[in-house]
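Participant: Pasting a structure below so you can have a look.
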Amino acid sequence: LDHLKMGPVQVQLFLRYRAPYNISSLLIWALGVFVAALAAYASAEDYRFVVNEILRRRKIRASANEGLDDAGESAMTLSLSETETVPLAATTQVSRSALHEETLELSAGHAIGFVILASSGLFILFFFKIYNVVKVMYGFGCSRAVMEVIFSPLVKRVFAKLNAPNRICIRTGTEDFGDITVVDVVAFFLSYALGISWLVVAFVVRHPENNVFFWVTQDVMGACMCIMFLSLIKLNSIRVACILLIVAFFYDIFFVFITPLLFKGESVMITVATSGGPPKADPLWCEKYPDDTNCRGGDPLPMLLTVPRIHDYMGGASLLGLGDIVLPGLLLSFAARLDAAKQLRGIIGGGNGVTHSYTCPEHKCCRFCNGGYFPPLVVAYAVGLFMANAAVYLMDMGQPALLYLVPCCLGAMAFMACTRNEMMGLWEGPNVLRYADSIVYGDAGEPTEQGTAVPTEDEDEGNVSTLGSVP
């Protein structure tokens, strides 16, 4: 009472500081660009393997010819396409065709099927909320990808360093599985032990996305899944790329922006991505009473890359769906394989593999005519993903990343193709890719005794030649 007699009491409330922009958004942007570029670049590894083998043989041949006089050298040094193409193609087909048989070339029908299956899957998750089933399937599926991308090559290197024998443990007698070796067994147990450990954390820990082991392992598994996907699924024409990406463009917009109008304000995409939507209670309340019913949920579905928000008392994470990587990544993969195939054709033709366009009009700027498609497309992907992240903060809501990625990537590819007068050739599928496949995998049959002919500019419908200068 004595205090009340002294006058009114003033109460001052302070709002906890929360940065308007979180560094996790920048990290998820960098991670997404890195994974997309790495997965697309790795998809052209077979072509680069053959290019390096040709260059290695050329170097050995040049070393063997040192010391010969001009007459002797010209007599003994034959054309590369006459002496190296046949044995190189033969050895390469034997060692690498098994992986190629597992690949799938996408068609327009696959693009339509993607929309149907993806839409059905989202609606099933939205209505039946079987998020735990997805976690289990994802954990075991990604364990296989981690085994192929990380542990198998790593264990092979360790065995080679230690000179340990890689004995055959089980002979399956089938072409699908082949012989199971000690390396396969060790890599299998390491990868699936990692996947099971991740699943245990996912089901035991409350809000596991803040657990360092959980989200780092999830990002590693997601990156391996993207690399495996782009190594097995191929685009061989701009026409199919346009159909797939444009369909995915409207698919993403519908499930993010249109479905809230149909389901009482709930976005199907965001609800599924966050395993039922974010907690309904206030973050301050959930900080004090995390066991409250309204504070449950909001854990990101594992089919995405995630980086927790840094120094944010409200928690949460920056998310990037794997579909936003692999769908534009198919176009990036097409560009990487196209560049590598042109380099392979140029090397076999006797050149140095430097990319140059002989069909580009003289008045066009040289930086758009020379060089490959892959580096500019990576830049376009980075710009599109940055725009998507910026839109999240400007609009204060989740964004369909494909809304920004598809115009940037597809527009950049179309602009460069038109600038180089190559659009017609790329639209139906460049001959240089089929030629490279015939060299690497033997898809066009065995080369003749005279070697495999290098496609001319007329045969390749204006595609870039990479012959360069003859060494």
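Participant: Mind counting the residues in segment 126-146 that are open to solvent by 90 Å² or more (accessible area, probe 1.4 Å), part of a helix (DSSP H, G or I) and within 23 Å of THR271 (Cβ to Cβ)?
Facilitator: 3
Participant: Do any residues in segment 378-392 that are modelled with pLDDT of 95 or more have Cβ atoms under 6 Å from those of residues that are part of a helix (DSSP H, G or I) and among the β-branched types (Val, Ile, Thr), where the two are at least six apart or on different chains, and which pairs are they?
Facilitator: These pairs meet every condition: ALA382/VAL33.
Participant: Counting residues that are under 30 Å from TYR404 (Cβ atoms) and free of Cβ contacts under 8 Å to residues at least 60 places away in the same chain, which helices (runs of 4 or more DSSP H) fully inside segment 164-262 reach at least 1?
Facilitator: The qualifying helices (runs of 4 or more DSSP H) are 212-232, 238-253, 259-262.
Participant: Given the conditions (1) out of contact with any Asp or Glu (no Cβ under 8 Å at 6 or more places or on another chain); (2) surrounded by fewer than 19 Cβ atoms within 10 Å (Cβ to Cβ); (3) not polar (S, T, N, Q), report the number of the one that PRO260 does not fulfil.
Facilitator: Status for PRO260: all satisfied but (1).
Participant: Only helices (runs of 4 or more DSSP H) wholly contained in segment 276-377 count here; list those with 3 or more residues that are closer than 23 Å to ASN52 by Cβ and at pLDDT 90 or above.
Facilitator: 323-348
Participant: Please pick out the residue among VAL158, VAL149, VAL182 that is on the phi < 0 side of the Ramachandran plot and loosely packed, with under 14 Cβ neighbours inside 10 Å.
Facilitator: Matching residue, one of VAL158, VAL149, VAL182: VAL158.
Participant: State all residues of segment 372-405 that are β-branched (Val, Ile, Thr) and out of contact with any Gly (no Cβ under 7 Å at 6 or more places or on another chain); if no residue qualifies, say none.
Facilitator: Correct list: VAL378, VAL379, VAL383.
Here is a yes/no grid of residues against (1) farther than 30 Å from LEU331 by Cα; (2) at pLDDT below 90; (3) among the basic types (Lys, Arg); (4) loosely packed, with under 15 Cβ neighbours inside 10 Å:
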site: VAL201; (1), (2), (3), (4): yes, no, no, no
site: PHE213; (1), (2), (3), (4): yes, no, no, yes
site: MET221; (1), (2), (3), (4): no, no, no, no
site: ILE243; (1), (2), (3), (4): no, no, no, no
site: TYR251; (1), (2), (3), (4): no, no, no, no
site: VAL256; (1), (2), (3), (4): no, yes, no, no
site: LYS264; (1), (2), (3), (4): yes, yes, yes, yes
site: VAL268; (1), (2), (3), (4): no, yes, no, no
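Participant: Using the structure shown, decide if ILE150 is farther than 18 Å from THR217 by Cβ, in contact (Cβ under 8 Å) with a residue 12 or more places away in the chain and either assigned to a helix (DSSP H, G or I) or in contact with a strand residue (DSSP E or B) (Cβ under 6 Å, 6 or more places away or on another chain) (or both).
Facilitator: Against the criterion (farther than 18 Å from THR217 by Cβ, in contact (Cβ under 8 Å) with a residue 12 or more places away in the chain and either assigned to a helix (DSSP H, G or I) or in contact with a strand residue (DSSP E or B) (Cβ under 6 Å, 6 or more places away or on another chain) (or both)), ILE150 does not qualify.
Participant: Going by the conditions given, is VAL94 of a type in the set (A, V, I, L, M), modelled with pLDDT of 95 or more and either part of a helix (DSSP H, G or I) or under 18 Å from the mean Cα position of the chain (by Cα) (or both)?
Facilitator: No.
Listed here are the residues, each with its yes/no results for (1) closer than 17 Å to ASN132 by Cβ; (2) crowded, with 19+ Cβ neighbours inside 10 Å; (3) among the small types (Gly, Ala, Ser); (4) touching a Ser or Thr at 6+ places or on another chain (Cβ under 7 Å).
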{"site": "PHE188", "(1), (2), (3), (4)": "no, no, no, no"}
{"site": "LEU194", "(1), (2), (3), (4)": "no, yes, no, yes"}
{"site": "TRP198", "(1), (2), (3), (4)": "yes, yes, no, yes"}
{"site": "VAL216", "(1), (2), (3), (4)": "no, no, no, no"}
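The values are calculated or read from the model by the stated rules, or taken from the named source; none is laboratory data. Not measured: the values here are computed from a predicted model. Methodologically, a virtual Cβ is constructed for each residue, glycine included, from the backbone with ideal geometry; neighbour enumeration extends over all protein chains shown. These accessible areas exclude ligands, DNA and RNA; they are computed on the full protein's heavy atoms, side chains included. Shrake-Rupley method; radii C 1.70, N 1.55, O 1.52, S 1.80 Å.
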